[in-house]
Structures are given as C-alpha cells and as structure tokens.
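K.L.:
Here it is, the structure, as structure tokens.
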Amino acid sequence: MTRARPLSFRARLTVRWTAVFSSVLAVASVWIFIGIRTQSYSDLDRYLRTLAGTELTAALDGADPHVHELPVTALAGGTFTEKLVQVFNARGEVVASSPGLSQSVRLVAPDVIAATLLGEAPVDTVLVEGVPVRVVVLRTSVTGRAYAIAVGLVITDLVSSLTRLGWLLALVWLVSTAATAAVGFALASTALRPVKRITQRAMDIATTDLSARLEPPKVDDEIGLMTRSLNTLIERLHGALDANRRFAADAAHELRSPVTAISGEIDVALRRERSAADYKDTLILVKTRMASLSSLIGDLMLLVRAQEANAAVRTQEVPLDALLGGSVERLAELAESRGVGVRLGDVNGLLVYGDPGLLGRVFDNVIENAIRYNREHGEVALSAAFEDAARGAWTPGLVTIRISDTGSGIPEKERERVFERFYRLDQSRSRHTGGAGLGLAIAREVLAVFKGSIRIAHSSAAGTTMEIQLPGRASHPAGAAAPDQEPSLSIAPVPTRNVSFSAGSRHS
C-alpha cells in the first residue's frame, strides 16, 4: 500500500486559510439569513395583528358574526396577498368563513381555538391545501357569546423570497470560498517565493561551494532575518569544516613524522645483523618515538574533547598555589636542563573553579612554552591577582594569572596565530624541542570550557607575558594582586616567594 504524499506547506497554508474564511463566511451567512427571516416574520406578525383587529370589528358589526370579503380573483387588477378569515364559536365550529374557503377547511385546530378563548392570541404558520398561511387568532364576544376569529395571509411570496435569499447566500459562500482559495494560493505562492529561492540557493551552496553566500536581504523583514541567520549559519559551518579539514591534515602530518621515524629506525636495524647493544639502542630510540607519538595522540584527544565541550568534566574549587606549584615541580627537570629559573609569586588564598587535572595540563603547557622558548639562563615569573565581581552581580570574581618569560618575544602579527592548532612560531626549533604546536590551542579550548580565557598581555624583545583568567575567589579579604598592573586594575602587588631552578641545581 503506497503512502499518500503529504501536502506542501503552501497547500496546507491555503487549505487552512480557506477553511477559516469559509467557516467565518458560513456563520455570517447563517446569521444574516436568520436575522432577515426573523425580522420579516416579526413585521408580518405586527401587520397581521393589525389586520386581524380590523377584521374583528368588521365581522361583529351585526347580530351574528360574518365576513365582508371578496376573493382576490374578484378584485380589479394589481397584485394582492390573499387574505383568509374564519370565525369559530365556543364549540370550535366554523360560523363564518372567507368566500375562498370551504366549510371543511379549517385554518386552525380546535386546541388553538380553545387556547384563544382562554385569553391567548397565538400566531402560527399552517398549510391550507398545500399553501403556507400565516394565521393569528383573536378572541371576542357578541351578546354574551364567545367567538374566535382567525385571520391569515398567504405567505407564498415571503417563503419564496426567503428561499431565494438562502440559495443566494449559499452561492455567495461557495463563490467566495473558491475565490478565497485561489487568492490564498496566489498570496501563499508569492509569500513563499523568496523562501523557495533561498532554499534552492542554500542547497546549491551545500552541494557545491560553502564559501558562497545568500544574497543580502533588500528589506529588513522576516525573510531578511532568515537570510542573515542562514548566512551566519553557513559562515560558521564553513569555518568549522575548514577547521576540521586543517585539523585532519595537520594531525595526519604530525602523526606521519613519528611513524615514519619509527619505521626508518626499524628498517635500518633490519638491514644487517647487529649486536644486542645496537638492537637495544634501536628499541630505546623507538620507545622514545612511541612516547612522543602517544603524547601527541593524547593531546589530540584532549583538544577534541575540549572543543566538543561534552566531556565529563567536573568543576570544583581548586587552590591556585597547588596548581602552579604542581606544574613547577613537574617541569623542574626541563627548567634545570635549560638553565631557566622559575619564580612563583605568593598565590596562597586564591581559588579557581575548574577540573584540577585539566587546569594542571593548561598550566603545564603554558609554563613549558615559557621555559622552552626562553633565553639561556632566563627566568619565568608566575604571579596572580583577584578581582571581585561588581556589587550585586550574579557572577564570580576573576583570578588573573600571569606567566612572564625573558624570551625573544612574539611578533604582533603572530600573537593570535600561536593559539592555532599545530602552529609553530619557529618550525625548526619546535621540531628540535619536540613541540607539536598544540599546547596553547589546548589551553585556550580547555579554559573556554570553564568560562576562562588566555591571551598575550605583553610581548617585546625583553620577553612575553601570557595572561590567563579564570572564575574564582579569594579565601580571605586580603586577596593577592598582580604586580604588573594595567591601568584598568587598581590591585596592589603581592610579595613573592622564589622557586628557582638553574642548570645543575634546584632552589626553592
């Protein structure tokens, strides 16, 4: 059994509009018909009662009730409504009748006569020999005897007029509904034409070139808003696809290097018989390469998790001194090997919100960069300051951590690019030092998960200062403050304690 094809949005819109309009028009037509019919019968009943009063006077101008009336056919020319009159006694017998009525024809039933004699004046429509007649019945008495006089008017013309009105209203409803459907379909087609054009253009962009864009809107209306929103969406999709494409290419390139190196070492070792010591050296070298490869894979996985922001990360209060102190301890050997001193300011009492493991990785990456790309016998200084939130704000304060080195600085045009994945400021030096160009990219993505940020606050030939901001608080009112203040922060510097590492010795 084939499934029926659903109606298009234009068809559904037309059907709904037509149904609503048709219903409203039908209700209006019914009310018009009922109103005209009610008013027509109301006017007829007032005229009929007046006529019945006149007939009542004329019928009782003698000793016995009688009817003074000529049949309509006896009148000279013109158009008249036929009038019928019957007089009934208290027993319900016809005592007088219009010439056009035979004695066997009764305008009203006996129970109506009985009700009239009790004081009522009923008005009703009856059929007399198949002809509709509007009848009113009045009560009177002559010489102590009660009578009821029924006066009726043939309403064939009125019934015909109302029937024609009903058919006319039905025809108007039918024509109006058809016209409304046609106009509604045309209006829906006109209104949806820009949507169809935009949809077709969006499909073309999706299947051919994501760098193309929809035509800018000419009018700032709903269609214009949709066009701008779709352009924004396409822009973001294009950026995401480009970023993923670059990421895949860069990741493949970075993974190829250690794999190629490992394969080369194995090939060299297998070319001829070697001693156990040579094989051991080859295995040690392969192990080193594998460690580098494993580290790179771990960095890639961490970067993807941070970018997706759906990893099961936990946010808690983390003491800043433990985070920075742990990074300094882990990088002590590297600092000693490069003769770089590390100076950690007093950050006691400052707490940041985040995952200690991920934040530790961030500080490891940033401090490791500061050590690796420092000058010989240079220095890395770590400091922090706390800035409370504005009074009444529903946000935590900010802890600003500054990591300053005495390296050669970063050119201004490169200061944003260093946060890109796999970007190296000095390609040959980065290869030599083993960096994959992921450290700062990971730092920025992880910090974004915890509503934090990282930027280059200052860089010159004398060194570079990286600034990290994280939501946090000071555990005591006299919170620490950064020594190198910018004019926007009126925070006093804090005393520092030195944790220095130089080549060949370690001081704390």
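The values are calculated or read from the model by the stated rules, or taken from the named source; none is laboratory data. Since the model is a prediction, treat every value here as computed from it, not as a measurement. Note: ideal-geometry Cβ built from the backbone for every residue, glycine included; neighbour counts use all protein chains shown.
K.L.:
If you check residue 192 against the conditions, is it under 20 Å from residue 23 (Cα atoms) and either among the aliphatic types (A, V, I, L, M) or without any contact (Cβ under 8 Å) to a residue 40 or more places away in the chain (or both)?
P.N.:
On the way: under 20 Å from residue 23 (Cα atoms): no; either among the aliphatic types (A, V, I, L, M) or without any contact (Cβ under 8 Å) to a residue 40 or more places away in the chain (or both): yes.
In short, no.
K.L.:
What about residue 137, is it crowded, with 20+ Cβ neighbours inside 10 Å and closer than 30 Å to residue 162 by Cα? Reasoning before the result, please.
P.N.:
Numbers: crowded, with 20+ Cβ neighbours inside 10 Å: yes; closer than 30 Å to residue 162 by Cα: yes.
Yes; evaluated as a whole, the condition is true for this residue.
K.L.:
Within the group 156, 143, which residue is under 25 Å from residue 50 (Cβ atoms), exposed (fewer than 14 other Cβ atoms within 10 Å of the Cβ) and of a type in the set (S, T, N, Q)? Can you show your working first?
P.N.:
On the way: 143 fails: under 25 Å from residue 50 (Cβ atoms).
Criteria check complete, one pass: 156.
K.L.:
Condition test on residue 232, is it of a type in the set (S, T, N, Q), loosely packed, with under 15 Cβ neighbours inside 10 Å and on the phi < 0 side of the Ramachandran plot?
P.N.:
Yes: the conditions hold for residue 232.
K.L.:
Could you say which residue among 357, 392 is at pLDDT below 90, within 42 Å of the chain's Cα centre (by Cα), in a helix (DSSP H, G or I) and of a type in the set (Gly, Ala, Ser)?
P.N.:
Working: 392 fails: in a helix (DSSP H, G or I).
Answer to the check: 357.
K.L.:
Considering only the stretch 311-347, how many residues are among the polar types (S, T, N, Q), surrounded by fewer than 17 Cβ atoms within 10 Å (Cβ to Cβ) and more than 41 Å from the chain's Cα centre (by Cα)? Step through it out loud before you land on a result.
P.N.:
To start, the set of residues in the stretch 311-347 that are among the polar types (S, T, N, Q) comprises 315-316, 327, 337.
The next check asks that each one be surrounded by fewer than 17 Cβ atoms within 10 Å (Cβ to Cβ); those that pass are 315-316, 337.
Now drop any that are not more than 41 Å from the chain's Cα centre (by Cα), which leaves 337.
Total satisfying the criteria: 1.
K.L.:
Assuming residue 104 fulfils every condition listed in (1) over 30 Å from residue 34 (Cα atoms); (2) in a strand (DSSP E or B) apart from one, which condition is it?
P.N.:
Against the list (1) over 30 Å from residue 34 (Cα atoms); (2) in a strand (DSSP E or B), residue 104 comes up short only on (2).
K.L.:
Also: Give just the number: which of (1) more than 60 Å from the chain's Cα centre (by Cα); (2) farther than 26 Å from residue 32 by Cα; (3) at pLDDT 85 or above; (4) not in a strand (DSSP E or B) does residue 137 not satisfy?
P.N.:
Residue 137 satisfies all of (1) more than 60 Å from the chain's Cα centre (by Cα); (2) farther than 26 Å from residue 32 by Cα; (3) at pLDDT 85 or above; (4) not in a strand (DSSP E or B) except (4).
K.L.:
Does residue 167 satisfy the condition of being exposed (fewer than 12 other Cβ atoms within 10 Å of the Cβ) and either over 24 Å from the mean Cα position of the chain (by Cα) or at pLDDT 85 or above (or both)?
P.N.:
Numbers: exposed (fewer than 12 other Cβ atoms within 10 Å of the Cβ): yes; either over 24 Å from the mean Cα position of the chain (by Cα) or at pLDDT 85 or above (or both): yes.
Criteria met by residue 167.
K.L.:
Does the stretch 182-202 contain at least one residue that is on the phi > 0 side of the Ramachandran plot and either over 38 Å from the mean Cα position of the chain (by Cα) or in a helix (DSSP H, G or I) (or both)?
P.N.:
Applying the first criterion (on the phi > 0 side of the Ramachandran plot) to the stretch 182-202 yields none.
No; the residues of the stretch 182-202 include none that is on the phi > 0 side of the Ramachandran plot and either over 38 Å from the mean Cα position of the chain (by Cα) or in a helix (DSSP H, G or I) (or both).
K.L.:
When you look at residue 382, is it assigned to a strand (DSSP E or B) and more than 27 Å from residue 423 (Cβ to Cβ), yes or no? Let's see the steps before the verdict.
P.N.:
On the way: assigned to a strand (DSSP E or B): yes; more than 27 Å from residue 423 (Cβ to Cβ): no.
Judged against the criteria, residue 382 is not a match.
K.L.:
What's the total number of residues in the stretch 360-374 that are at pLDDT below 90 and not in a helix (DSSP H, G or I)?
P.N.:
Counting residues in the stretch 360-374 that are at pLDDT below 90 and not in a helix (DSSP H, G or I) gives 1.
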